Every structure is written in C-alpha cells, then in structure tokens.
1. Could you please rank B:D855, B:D376, placing first whichever residue has the fewest other Cβ atoms within 10 Å of its Cβ?
2. Among B:L588, B:A296, B:L831, whose Cα sits farthest toward the positive end of the charge dipole of chain B (+1 at Cβ of Lys/Arg, -1 at Cβ of Asp/Glu, about the Cα centre)?
3. In whole Å, what three semi-axes, largest first, describe the equivalent ellipsoid of the protein assembly as shown built from its Cα gyration tensor (square root of 5 times each eigenvalue)?
4. Let's see if you can work this out: charge +1 on each Lys and Arg Cβ, -1 on each Asp and Glu Cβ, no other charges. What is the dipole magnitude of chain B about its Cα centre, in debye to the nearest 20?
5. Of the peptides B:187-198, A:366-377, how do they stack up when ordered by the mean number of other Cβ atoms within 10 Å, highest first?
6. Average partner chain C-beta neighbours within 10 Å, per residue of B:206-217?
7. Return the loop-located trypsin sites (Lys or Arg not before Pro) in segment B:382-469 (DSSP other than H, G, I, E, B) with at most 11 other Cβ atoms within 10 Å of their own Cβ; answer none if there are none.
8. So what's Rg/Rh here for segment A:272-416, counting alpha carbon atoms and using the Kirkwood radius for Rh?
Amino acid sequence: MPKIKPNIFYGIGVFLFAVCLSAGCEKQKPRFQCSDSIACIDVAPGEPLKIGVLQALSGNVAPLGLEQIRGIDLAVDKRQGKLLGHSILLQTEDAGCTGEGGANAALKIIADPQTVAILGTTCSGEAAGASKVMSDAGLTMISGNNSAPYLTAIAGKRAPNWQPGYFRTAPNEEASGKAAADYAFYKLGVRKAATLNDGDIYSRGLTEGFEQAFRKFGGEIVLSALISKGDTEMQPVLTAVMNSGTQLLFFPLFQPEGNQVLLQSRKTAGFENIILMSDGALIESSFIEAVKDQGKGLYFVGPSRPGGPEVDALAKDYAVKFNTSPAASYYLSAFDAADLLMQALEKAAVADSDGTLHIGRQALRNALYATRGYKGVSGTLTCDEFGDCAVPVFNILRLDEPAAGLEGLQSNVMFTYSCEK
Amino acid sequence: MNPWKYFLRFLEEMSITVRFGLGIGLLLLLFVTVSAFSYLSMEFVTTVQNSIETSTEIQRLVLEMDRGMEKARRLHGDFFLHYPEIGLEKAHEQYAQPAVRQIAHVISVSNELKNLIDASKVTEPLRKTRVDLNLFLSSAKRFAEKSIQSVELVTELAAPRTGLEVQLDNQYAALQIETSNYDSLSRLYSEMRSFSQDYRISRKRFLMQSAFNTAFKLRKELDNSPAVGAVQSQRINALIDRCMATAHKILDVDVAIKAIFNDFALQAEAVDAVSKTLVHLAGEEVSQARESILHAHRLSLLLMAGITLAGLTAALIIARALNSRITQRVVNLTGTAEAFRKGNLDVYASEDGNDELSLLAHTFNVMAEHIRELIDNLEMKVAERTRELSESERRFRQLFEHSSSGVAVYEAVEGGNDFVFKDINKAVGTIEDLDRSQLVGRKITEVFPAVAEFGLLDVLRRVLRTGQSACHPVSYYSDDRVEGWREYSVYKLPSGEIVAVYDDLTAWKQAEIERKAMEAKLQRAQKMESIGLLAGGVAHDLNNILSGIVGYPELLLMQIPKDSELQKPIRAIRESGQRAVAVVADLLTVARGVACAKEPARLNRLVKEYLASPEHHKLKSLHAHIDCTARLDPHLQNIHCSPVHVGKCIMNLVTNAMEAIEGPGRVVISTQNRILDEKTALKHGISAGEYAILTVTDNGKGISEKDLEHIFEPFYTKKIMGISGTGLGLAVVWNSVLDHGGTVLVESSAKGTSFALYFPVSEKAVAPKEINPGIEELLGGGEKILVVDDEPLQRDIASRMLTVLGYVCKCVDSGENAVAYLLENRVDMVLLDMLMDPGINGRQTYERILRIRPDQKAVIASGFSESEEVKMAQRLGAGGFIKKPYSVQELGRALKQGLDR
C-alpha cells in the first residue's frame, strides 16, 4: 500500500505524537481541593442540583405550605429551572407542621448527601425539629415562612432553637407579639389579656412576646392557656378564658385549632365582649373562607404585605402559572428565600475543570450570612448572624369583610409596627 | 451509486493484502470477540454471583434490620403498654432496655448494610438506597434517642414515688383530705379529680382543662365558703396550685410523649417505607441477579451460538472469498502458467478485479505476450540465424571448400612432433593432386616426406607450442611425387587444432618470374629507350654521316682502277665506315630491339658462317692459344630468326669467351635440341616447348656473382671501354635472344662460364640462301626516281648511286616539295627518307602522295630500324625499306624489288 503507502504505524505514531503534544501543551488545571470547614458537595456535570423542600403539605396548614412551594417554583422558574448549568431538583417532603414532622422530614432530606440546602419550613415548629437535624448534617436551610423568634434570636440574643445554617426571609415575630400588645394596650385600651398557644414555638413565641410586651406596657395577662395540636374541643379552654375576665384573647394558632377557637368562641356566651386577636398563620384565604362572617372583628397580627411593581409582576406570574390568586402573601418571602439561596449558591459554588460543581457547605452558609441589601420582592434583605434576613414590619389587620377575602383583609390595616420605627 | 453497490465495488477493488488483512482481521476479531465474550461472560457471571451473594446478604441484613426495628418498636410499645401493669422498673427491664439494645443492633446492622452497599457492585436502584439507608440510620438513631426520651418522659410521668402521676395522685389525695369536710368543695374536688382521671385515661387535653376549670370553680367555692378557714383555704389553694402545676407538667410530658409517639409514627412511616423498599430492592436485586444469570446464560448461549454462527459464516465467507478471489485465481493462474510452461503459448490469465492477483495476471499476460513475441522473434531469429548459420556454414564451407588457398586442419600427434590431417578443402586436393581420403587421417610426414626439409614441420610445431600464428614464406617443395612453390600461414585454433592455409604459388612464381623478366625487360627497355633516344639521334646523324663514309668510297672504288693505290685506303675508309655502321646497328639493336625482319634459319649454319667469317678469324688470330671448337647437333631444328643478329650473338659470345680466357683455354660452341616442360620453362621464364640451344662455353676465370646480375646491361663491361669493346656485346645477345622469344642461361664458376641461348624452334623450312646478285643485275632501265631527303649529302649520294644504277634521279629536300613535284610530274619510284626536319615526315609525305598518285611506289630509307612509322608507310603501299647508310647494291636491290612489286 502500497502505499504507502499511509500505513497504520504512521497513524499510530501521529496519534501518539498528538497525544503527547496535547498532554504536554495542555495547561493542567489543579483539581479542586475542598477546603470547606464542613464539607463540599460535588455535583458532577449533568447531575442536578438537589434542594430539599420541607413544607407543611398536609392538614389545614397545607395552603401555607403550598404558598411556599409556589413561591419557590416561581423563583426556580425565574432561572428557567437551572442553576450554574445544572437543573434544579427539588425534593419536597411534608413536615406536617410539627417539630417531629420537621425533624423526620429533614432526616429524609439529609439522607441524600447530595442535597445542597433546604428550603423550608412552613411552620416554625417544623423548623425547630428540622433545623437541628439539618444543621447537624452541615446543611443550610432557609425559610420563607418561619417567624418564631426561638429559631433565631430573642431580644438580640441567640434563641434556644437557633441552629447554624438556618435562615429565613420571613420576619422574626418576636416583634409581632410586641406589635399586637402595643395595639391592644394602646389602641384598644385593653388592660387584661389572655393568651392561648398550642405549645408550638411559633405560637408560644408570639404569646410570650405579647405577654412580655403587654405586661411591660402595664397590662395584665390574666390567662396563658395552652391547647394541643389537634384539639377540637375548645370549650374548656374558652371557659377558662371567660373565667379569666380578659378583655382580649390573643391566640396565635394555626388552622384548624385557630378556626375552632374562633368558631367555638362565637358560640360561647360572654365572648361577645372579648377582643379576639390571632396571627399571621391565619391571614390566609382558606381561613377566611372557613370562618366567613364568624371571623368578623377578628384582629390579626402579621407581617406587613410587601408591595410594588415586582410584587405585582410576581403575582401576575403566580396567577399565570397556577391559574389562581395567591392565598396569602407568604409566597413572596418564599420566592425571596429560594432566590437568595440560589444567589448564595452561585457565590459559593466553584466550577471545576471537568465541569463538576463544588459547593462548600460552610461557604454557602457564609454567603447567606453575608447577604446585605438584597432587593427581594418582600423587601430589602440583610441577613444577620442569627439568620434573620427580613426587616420585621407588622400590620394589625381586622377582618371586617370576609367576603372581600384575603385582599380585603390585607388592605384593612389597622396598625403598622416596624422595628425600625 | 447506492451504498451496497459502492461496498461491493469496494470489495471488488480491494487489494489482496487488504483482503487477507481483512480476512485475518475478521477472524482475529471473531477470536478476540469470542475470547472477550467468554471472559466477560465469566466476569459477568462471577459479578452476578457476587451480586447475588451481596444481594442475599443485603436482603438478610435488611430483613434483620427491619425485624430489629420492628422488634424495637414492639418492645417500645410493650413498654408503654405494660409499664402501668408490671411497673416501670420491670417494664424498663423487660421492654425498654431490650428495645434500646435492639435499636442499637439495628443501627449496627444498618451501618453494616450501608458499608456493604457502598462496597459492593449492586444495581443503581439499590445503590441509590444509600439515601434510604441514611434515612433509616438517622431514623434508627432518632428512634433510639426518642425512645430513650420517651422512657425518660414516662419515667418522669410514671416513676413510682417520684413520678408526676404519683405526685398528682398524692396532691389530689391531700386535696381530698383538705376538702373532704366540705361537701361543695369535696364535690368540686371529685369533679376535678374525675376530669384528671379522665384525662389520664384519654389523654384529651380539654379534660385536663376541664379539671383546671373545675379547680377555678373550687377556688371560687373556697372563696365563697366561709367555713373553711383561711389557713385551710390557703392550704387548699396551694394544693390546687400544685395539682394544676403537676397537671401542667403531665400535660407537657404527655405532649412530649405524644410528639415522640408521633415522631415514632413518622419514623415508622419513613423507615417502613425504606425497609419495604430495601427488602423489595434486595429481593429484586437477588431475583434480578438470578434473572441476570439466567439472562446471561441465555444471552451467552445465544451470543455464543450467534458468534459461532457468525464466525462460521465469516470463516465461510472469508474462505469462499479467499478461495474465489485468491486461491481459485492462484490455481487458475498456476494452471495458466503451467500450461504456458508446457508450451501452450496461447493461454491467457484472467484479469478480473483490481487487486494484486489481477495485477499479477496482467503482468503474466504481458510477460506471456512478450515471451510469445520473443519466441516468435526467437523462432524467426533462430530460423534466420540457422539460415544465416547454414548460409554462413555453407559460405564458410564454400569459402573453405572453394578457397583457392589450400586449407588443412591438423591434429598434433606424437607429442606435437607430427601432425595428422583432420580436414582439408578441395584446393588442397587440387594443389596436392590427392583425394581427400588420401590425406585425412594420415600424418603429414607420410604424405609429404620432404615437409621437414621444406620447413613447414618446424612452423607447425612452433605454432602448436606457442599458439602464435606464423608464416612460412614462399618456398619450394619437392619430393618424388609433387613439387611446387608454397606459401603457408599457420595458426592454432582454440580447440588446439592447427590450421594451415597455403597457396600453390607455382603459377604465381612463374608469373613472378615473368613479371620480373618483364620488369627487367621494361627496365632494359627503359634503359634502352634512353640509350635509344641518345643512340637514335646519334645513329641518325651517324648513319647520315656514315652514308658519306660508306657511300662515297664505294662510288670511288667503282670509279678508280683496281690496282690504284687509292684502292686500299679507300677500302679501309669504307670498312671503317661499315664497322661504324655495325656499331650503330648494335646500338640501335640494343636501343630499339631487332628492327630487322626474321626468317627461318639453321642455327648450325649461322655458327658455321661465323666460324668462317673474317671476324672470327681475326679473333682467333688475336687469341691463338685458345681452342675454339664447335659441337653442333646435326638434328638441330630450324629457328625463326634474324640471322644477322644471331650471327652477332655468336660473334659477341665467342669474342667474350675468348677474352675471358687469360692464357690457353678452350671455347666450345655447341648446339642441341631440347624440349622444355612447363616447370622448366616456367623456371626459366619462357614458354614450354622445343628449343634449339646454342651454348658457348669457356674455361675462363668465370664471372663473379655480383657481375652476373649486370652482364646483360648495356655498356656494362669489365673491359676497358674503347679498347676491348663497346659494352654492348652481351646486351645485344640478351636483347636479340629475348627478341626471338628465347632466353639466355648463364652458368659461371671459377672453372668457366657457359652461355646457353634458347631459341624456339620453327617448323618452317629454311629458304635457300640467296646469292647476292652482281651490280649488273641491279641496274635500272632509266626509271625516274624521286629522292626525298632533307640531308643534302644523302641526296647527293643517292643521286650518284641512282645514276650509277641507271636511274633518272630527281631530288627534293622535303616532303612538301616532293608532293608539289608529284602534282605536276610522274616518277616511278619515290626514295623517301623517313625523318625529315622540319616539315612532314616520310609517312605523311607518302600519304599525301597517295592522294594524288594512289599507285605511286616508294622505298623507305631510314637511319633507324624499322619503326612504327616505317611499318605504317609500308602498310600504305611503300614496298621496300632500305636502311641508311646503304650501299649501291642495297639501294639497287631495294629499288629493283620495289619496282618489281
């Protein structure tokens, strides 16, 4: 071959020469060495970025969890489902709005070592269980709905349930109780107040905040009652409220316990003169629909509703994507939580020469802790050392026209309380 | 072109090397595939077997873990179930602790399982269960933690003596005591305790709340019961506070326990699912592994069968392809080549395809074509060469056979001392006058006994020895059988045979002799020519001069009386003149040959005439002591000669012989007949035939060998010129004899010299000797004679002699005048001089005379011998010739003969 005739040895020679040349010429990038104080997650090319989602997806709180999920979805959509060239895979678990639910759901999430972070939870009680599990595993969790002070800081100090790597874009409702007490004492002239919580840290945190502030203002807490989650028989506790001679019952509960308290109170003689005040957990259309006119006159303390063109645009996206109006405004903070997390991931991730993405778990936390002046749809976010990123601004709302729905409720702002004030 | 056709065309055009490479590559690939497949199958089976073992182990561990978890939960449940009955301690011992141990074991197993899954090559779904295992492990740990917490809570709640329930019971008991004395209070206490008890049974919080509300009522009743003392009231309130506080604690513990149970439920939910998944996956893994083995076996069988089939097919295809495309074609090509080798030149190899075999076939065909062409050419060339060779052979054979030269091939025998004839050509036979059979196979020395003496034998030996060709120059061979002149060229053949090419130069030799004679003759002729030119001029003048000296004395002697004193001196003058005429005649003889006419004569008579001549007598007188005898052959044949010249020859030879003898001696004049054969004639340079030989022998001192070569040259003499001779004697002899067609042989030694003159004999009879008539018979009758001569003296003598002879004479001095005279006058005879200067010569004059007088008679007179001009004039009609100077008688005879014609 003839012919050279080209023969196979020549071809092999050229090939080997080319290989040697390329090997010699190629600038060997050093392999990524993980120096993260916790660990690194390696996301190989083509593999998805796994983000755990812990939300309350069952029971009467499911609408709140669903709002969170939708907010997260919108944030993911904002990036076309991709982050750092990898598709985003959300592993969603139902935390059941309980501590153990959160903990067990968190266990499911952290069981996959590839999970980079957790978006959740809906209920602060879930977070109490989940955040420890999550934090122990070195993960980062950011919630768009948790507001219990126990999870971050109380009175400027680390709260008992604080866990490293826990963040939230929902405001710390330590001030929420204060706002309610402020309004009750100063605006409503209430001097005797009763509180009712379900033992959940959210609920308890709010009542305790209320009680502290109310007492501080000179008021008297005549009753600090407790119910258990799942209780349906509220008469005894309502009787106790009645017996307490209170002018106001502050009951920051979730559905359905909050519903039961309200509805059963309406049927209880003597309650006509007792002001009922609930919390943000019930600022939700399903609650309004559930209680209807029975809810008239009910006060709510909850985070102020964000506004502005971004909010409107997102609401429009929401409506387009889910073919319904938002049941609450908490999807906004969920959107911010997800977006903030993804932004932090972008900062913390290191792309290796082969396309592998390396994400230091501590680096991710640090990126979030370093968040300053993030322009979220729910407001400008700056994360502090305890994981609180939102500026707490609370409104006191009163349900005057249940038929106006959530919008009507959120528009009926009686009082606004801001920590910046 | 569609891909399949393109592929087929590619296959078709594939080279043998590629084809072989492809075939072997395919086979190698099949072999490698089979090997690889076998190896992979084994590996796969081993892997699958390991997988089965692993899966089985995983299954076992999963089941153990699941059962352990289940057992732990059951034990934990039993703890809660039985501790109220059997007591907390016992329940703790029987259920709580085993549950914790069990869960510890589960954790251990789950760790083991996790490690096993990590380490083993399980399927991806099972590998993904690592997440589940993490969850399981976490859940197990949480279970353990929560289990302990729950036991602690239960202990806090139900511990004997210190438990909250005991405390509450004690507090209720104390409260009962305090309120027992007051019905309303006791009733409310009972109600409160009843709610508490209800709560402890149902664990419904609102019941406890109801108890608290009752407690509220109790306090109110207490406040409204004045019967109760302040202290007691205080005690009761304190007890109520303690009861409520304990109840709150119980509520909290219950909430915690409930949360833990809820936790357990969630864990169970998660873990059960995980267990179920793991058990399922492990089972799946096992069954999948088994299935894989079965599948692998089936696949192996199928693939092996497939590969075997494919291999066989490929092998068959390759074999067929190799057979059809290579082997068969090689066989065909070999067959073609074999057929070609056997001489079938018309075969052609098939050239289908474009591979090496096609190329080979093409090359073969081209070669075959070339070979065919070469063979054709070769045959033609062979035929041509054969023809040429045959032609050449024939030519060379003809050359050999028809060569005028003799060619003899010898083979050395007797160690190279002798030679045997191997072959001869015809010329040899001709030359040697022998048949081929008389020569071939015979020794040269046998056939030619004189060969050694001849010198050829030495030449043959030398050539045999040295290999150098050699010549044997022209030599004379002679033996009893054959003789002749031969010239040899001898050389040695590469075969060792000796070839002698020779010529019979006998004829050439004769020719050579003749040529030499001719050359000598020519030399002499040239010499004579020059002498003749000299002598001719001189002789002409001398003859004219001598005409006076010879003519006038004769006229005077006729006029003076016989006794006159003048007779003697005038006679002396006349004789001197005649001797001078003889000398001139000799001179002319030597110079121009014998100009006189020849006639049959008897040589003996001429000898006798000489011996009787005054000249001889005078000679004898001069050499008295020399005996001169004649031995004449009476049967001597006549010769055709010029008697004058022959007489001169005899006289000259005898004179020389006499003069050669110093003192007494003898001179013999002999004659004889002799027939010369060819050989002898050739040897002597004359024609074969009969000769009359005149020999003059003396016993003088002989002639030196050096002188012998020159004795016949004119003017060559050992005598003193002018005293003893003219140097023309032997030259006259030589010229005269040769002029007569004979030769002169001289033999000389110290004992004497012998001159033999060979004259060809003549058959003609000798005419009777004319008797010179007297002057009276020669007289004319008054005829008119015109003398034409440019010499006045000659005209005068002629005029006087004609007058004496009785003729009327008219003289003119030139040819032109003669012609002019004859235009107007008639004469009977013209005496015409041949050479006249200036003006036209005698012949030209006679030609012009004949134009006006065609019958005019004439006699030519010339001082020269009969020249060509004379002869031409005689052919024109001039009847006679007279040599000047002439006598009255000669003139009278010539005129008489001319007029009588």
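Nothing in this text is a laboratory measurement; each read-out follows from the coordinates by a stated rule. All values derive from a computational prediction rather than experimental measurement. Cβ coordinates were reconstructed from backbone atoms using ideal geometry, including for glycine residues, and neighbour counts include every protein chain displayed.
1. Numbers: B:D855 6, B:D376 11.
In increasing order of surrounding Cβ atoms, one gets B:D855, B:D376.
2. So the residue we want is B:A296.
3. Details: eigenvalues 7536, 304, 117 Å².
One finds semi-axes of 194, 39, 24 Å for the protein assembly as shown.
4. 880 debye
5. On the way: B:187-198: 20.0, A:366-377: 17.1.
With the highest mean Cβ count within 10 Å placed first, the list reads B:187-198, A:366-377.
6. Working: counts 11, 2, 3, 13, 6, 1, 6, 8, 1, 1, 4, 2.
If you average over the peptide's residues, the count of other-chain Cβ atoms is 5.
7. Numbers: sites: B:R385, B:R387, B:R394, B:R395, B:R397, B:K422, B:K426, B:R436, B:R442, B:K443, B:R461, B:R462, B:R465; in loops: B:R442.
Here no loop site has a sparse enough neighbourhood.
8. Working: Rg = 18.9 Å, Rh = 17.3 Å.
So for segment A:272-416, dividing Rg by the Kirkwood Rh gives 1.10.
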